[in-house]
């Protein structure tokens with residue numbers, strides 16, 4: 001289980017661009033990311049396996065195109081209950097929401113009539129900050145970190 005990509009965007013409603021690393025701030029989110037702030041959806045995660053599913057629909061998509069902050073590999077994100085702790089490097093995230101309502105249909109939805117982020121993305125708040133980078137190992141809480 002690892003990080004495939006770390007992604008940020010300056011404006012909401014746009015795809016996120018991959019970055020070499022991200023500074024994650026406790027109870028805020030990723031420094032420089034438009035979705036950071038004092039709320040329950042500070043950092044979003046989406047599995048690369050979900051992105052591959054969208055590629056099967058004929059879409060040319062990659063990490064960040066669904067506005068996820070962290071693209072993961074090898075984790076069934078939807079099976080993580082709310083309250084689960086996720087550790088990446090020194091960062092500790094807590095799952096706060098599974099999926100979301102898509103109020104403004106994104107460009108992907110407009111092209112194919114469906115999108116994976118509302119049903120397969122998860123959202124977290126930051127319990128402990130630090131740095132996250134590509135290839136970092138992801139641990140799911142079985143014990144306290």
Residue 12: passes all of (1) exposed (fewer than 15 other Cβ atoms within 10 Å of the Cβ); (2) assigned to a helix (DSSP H, G or I) but (2)
In the stretch 18-44, residues that are over 21 Å from residue 96 (Cα atoms) and surrounded by 14 or more Cβ atoms within 10 Å (Cβ to Cβ) total 2
A careful count of residues in the stretch 45-87 that are crowded, with 21+ Cβ neighbours inside 10 Å, under 21 Å from residue 34 (Cα atoms) and at pLDDT 90 or above gives 10
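Here are some residues: 17, 49, 23. Which one is over 18 Å from residue 138 (Cα atoms) and more than 12 Å from the chain's Cα centre (by Cα)?
Numbers: 49 fails: over 18 Å from residue 138 (Cα atoms); 23 fails: over 18 Å from residue 138 (Cα atoms).
None of the other options fit; the residue is 17.
Could you list all residues from the stretch 88-137 that are on the phi > 0 side of the Ramachandran plot and at pLDDT 90 or above?
The first filter runs over the stretch 88-137 and keeps only residues on the phi > 0 side of the Ramachandran plot, leaving 89, 99, 113, 130, 135.
89, 130, 135, listed by residue number.
The values are calculated or read from the model by the stated rules, or taken from the named source; none is laboratory data. What you see is a predicted model, and the numbers here were worked out from it, not measured in a lab. Note: ideal-geometry Cβ built from the backbone for every residue, glycine included; neighbour counts use all protein chains shown.
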